[in-house]
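Enquirer: Okay, handing you the structure first.
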Amino acid sequence: MKQDIHPTYYDNAKVDCACGNSWTTGGTIPELKVDICSNCHPFYTGKEKTIDTRGRIDRFKKRLSKQQDMAVPTKKPRKSNSK
């Protein structure tokens, strides 16, 4: 391996989130600041909010329900004549 080409690895790199959560991990930077983490991300907290200012979601659901109501029933498979 070549010498002096790899960055310094910090075993106790501190990570700080904007929500106040912090933890330690390994990294090439001794201190890291992030905007969002698993404690405040809507996907992980279950507090996901959908902002619908133009009614797009309602229009989509209306179109989807019309399409499902008009769905063509599938044809039954033919019986084969082989014995």
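Enquirer: Among the residues of the range 45-60, which ones are surrounded by 10 or more Cβ atoms within 10 Å (Cβ to Cβ) and modelled with pLDDT of 75 or more?
Expert: 45, 56, 57, 58, 59, 60
Enquirer: Scan the range 7-21 for residues that are assigned to a strand (DSSP E or B) and under 27 Å from residue 45 (Cα atoms) and jot them down.
Expert: 12, 13, 14, 15, 16, 17
Enquirer: Suppose the filter is at pLDDT 95 or above and either assigned to a strand (DSSP E or B) or among the hydroxyl-bearing types (Ser, Thr, Tyr) (or both); does residue 24 pass it?
Expert: yes
The values are calculated or read from the model by the stated rules, or taken from the named source; none is laboratory data. All values reported here derive from a predicted model rather than from experimental measurement. All Cβ positions, glycine included, derive from the backbone under ideal geometry; neighbour counts span all protein chains shown.
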